[in-house]
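See structure below.
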């Protein structure tokens, strides 16, 4: 199944689940809510797993921290970073 067809199918399923939340049956509402929450948790867990597989916090730990300053020059406003030169950051 193509990615766009899969995406459309998932969208239809979610729409049906959300519509089922209006059911007069408490059992059905509870089940639908559990499915929606579990789906969201699974998606979040997949993002965390991907982040960790890419190096996790080591990606951030090796990045230099640079202060950022707001600079206004007349009508022009910019953000300026004050990072040390690459050779100083490596020390």
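Could you grab the Rg to Rh ratio for segment 3-58? Cα atoms only, Kirkwood for Rh. So for segment 3-58, dividing Rg by the Kirkwood Rh gives 1.16.
Extension gain for the segment residue 25 to residue 65, taken as residue separation times 0.36 nm less the Cα-Cα distance, is 9.0 nm to one decimal.
Each value in this text was obtained by applying a stated rule to the coordinates, not by laboratory testing. Since the model is a prediction, treat every value here as computed from it, not as a measurement.
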